[in-house]
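Colleague: What follows is a single structure, and I will ask about it in a moment.
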Amino acid sequence: MFTIKEVAESLGISYFVLRQWRTENLKKSEQQSPPTDKQLKESEELKKLRKENLKLKEENSILKKFAAMLSREQNPD
């Protein structure tokens, strides 16, 4: 484990600046609460919808390619 002073010196920054950043970071992490059940459900739903969206985009791309192929077969130059 390193001291704040050692880390500050290795980074080439002031001890006081690093100490201030550390203090601010600790305050922020203490303020953050664990996700609620609602947030977890919304996160799962978002993940599911993104996966479904990707699948639909792939299917759409395949259909566009197929339509272009049929068009070329029906209208040979």
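What follows is calculated from the coordinates using simple rules that are stated; it is not laboratory data. Note that this is a predicted model, so its numbers are computed, not measured.
Colleague: So what J values fall out for the range 55-72 if you push phi through Karplus, 6.51 cos²θ - 1.76 cosθ + 1.60 with θ = phi - 60°, rounded to Hz, Gly and Pro as x?
Modeller: The phi angles translate into 4, 5, 5, 5, 4, 4, 4, 4, 5, 4, 5, 5, 4, 5, 5, 4, 4, 5 Hz.
Colleague: Still on this structure: State the label only: which of (1) 2.38; (2) 1.27; (3) 1.46 corresponds to Cα Rg over 2.2 N^0.38 Å computed from the shown model?
Modeller: (1)
Colleague: Which of rounded, prolate or oblate describes the range 36-77 when judged by the alpha-carbon gyration tensor and an a/c cut-off of 1.5?
Modeller: prolate
Colleague: Provide the gained length on full extension for the span E58 to S14, in nm with one decimal, where the gain is 0.36 nm per separating residue minus the Cα-Cα distance. List each step's numbers first, then the result.
Modeller: Values: separation 44, 0.36 × 44 = 15.84 nm, distance 5.21 nm.
Fully extending the segment from E58 to S14 adds 10.6 nm.
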